[in-house]
Each structure stands twice: as C-alpha cells, then as structure tokens.
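For reference, the structure discussed in these notes is given below.
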Amino acid sequence: MTQPDLFDVGKRKPWHKLKGYPAKPGTGPEGMACKDCVYCHKIILSKTFYKCVNCRVAWTNSVNTDVKLKSPACSEFQDKLNLFDRAKEDMVNIAMKGKA
C-alpha cells in the first residue's frame, strides 16, 4: 500500500490559480524575470513579500497573490531600466528647454 502525498510536494499549481500574476508567466520578453519589472512591488512586514501592482485588486494576505522574483516575465512586463532611462532623458530635455 502506498502512502498518499499529504503536502502535494513536487506538484505545481496551474498558472491560472496563481492570482498574483496578471498574465501567464513566460509570455513576456525572453531572459527577463519579475524582479526586472516596474510592477514588482516589495511589501515589508514581519516578512518580505513581493506582489504585482497590476493585480492589486486581487491582493490578499496569502501566498496565492505573491509573485516569485525568478518567475519568467509575463506579457504585462515593463522593464525598470528602460523606464528610468526615459525619465532621465525627459529630465535632461526639460532642463535644456529651461536654459534656452
């Protein structure tokens, strides 16, 4: 007689049951992860949790709405570095207009 697996060790939840992701992980740019996304939000309480801002309506105090930093990027991915570079360019352009 075999023992049942009480804790479902080794089984992964289907992506649609993970309520923390706005789209299926892996549908975004190749080689990018959730940690590289603008929408990845760090919440510090007694522990540190990471959530996706695009799914803020669904946030609960549960691991079901957490995101994993190493998860491959989803189709809603926005690169942090590109966003900061664009903001820096905008600030330089504004400063240059003020001097003219």
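The values are calculated or read from the model by the stated rules, or taken from the named source; none is laboratory data. Every value quoted in this text rests on a predicted model; they were computed, and no experiment measured them. Here the Cβ positions follow ideal geometry from the backbone for every residue, glycine too, while neighbour counts run over all protein chains shown.
Working only within the range 17-62, note down all residues that are touching a strand residue (DSSP E or B) at 6+ places or on another chain (Cβ under 8 Å) and among the hydrophobic types (A, V, I, L, M, F, W, C).
Once the filter is applied, which keeps residues that are touching a strand residue (DSSP E or B) at 6+ places or on another chain (Cβ under 8 Å) and among the hydrophobic types (A, V, I, L, M, F, W, C), the range 17-62 yields M32, A33, C34, C37, V38, C40, I43, F49, C52, V53, W59.
Restricting attention to the range 72-100, which residues are of a type outside the set (S, T, Y), within 15 Å of G28 (Cα to Cα) and not in a helix (DSSP H, G or I)?
Passing the criteria: P72, A73, C74, E76, F77, Q78, D79.
Identify the single condition in (1) without any contact (Cβ under 8 Å) to a residue 40 or more places away in the chain; (2) of a type outside the set (D, E); (3) surrounded by 10 or more Cβ atoms within 10 Å (Cβ to Cβ) that V57 does not satisfy, given that it satisfies every other one.
(3)
Starting from residues that are buried (at least 17 other Cβ atoms within 10 Å of the Cβ) and in a loop (DSSP other than H, G, I, E, B), keep the ones in the range 23-36 and report whichever is nearest to the chain's Cα centre (by Cα).
By that ranking, first place goes to P25.
Please work out which residue is nearest to R86 (Cα to Cα), limiting yourself to the range 37-61 and to residues that are outside any strand (DSSP E or B) and charged (D, E, K, R).
Once the filter is applied, the top-ranked residue is R56.
Given the conditions (1) outside any helix (DSSP H, G or I); (2) at pLDDT below 90; (3) of a type in the set (S, T, N, Q), which single one is not true for N64?
Here N64 meets the rest and fails (1).
Provide a single number: the residues in the range 37-54 that are surrounded by fewer than 18 Cβ atoms within 10 Å (Cβ to Cβ) and either of a type outside the set (F, W, Y) or more than 15 Å from L18 (Cβ to Cβ) (or both).
10
Inspect the range 57-75 for any residue being farther than 18 Å from K19 by Cβ and out of contact with any Cys (no Cβ under 9 Å at 6 or more places or on another chain) and give the result as yes or no.
The answer is no, given that none of the residues of the range 57-75 is farther than 18 Å from K19 by Cβ and out of contact with any Cys (no Cβ under 9 Å at 6 or more places or on another chain).
Quick one: L69 ticks every box in (1) of a type in the set (A, V, I, L, M, F, W, C); (2) outside any helix (DSSP H, G or I); (3) surrounded by 14 or more Cβ atoms within 10 Å (Cβ to Cβ) bar one, so which box is it?
Status for L69: all satisfied but (3).
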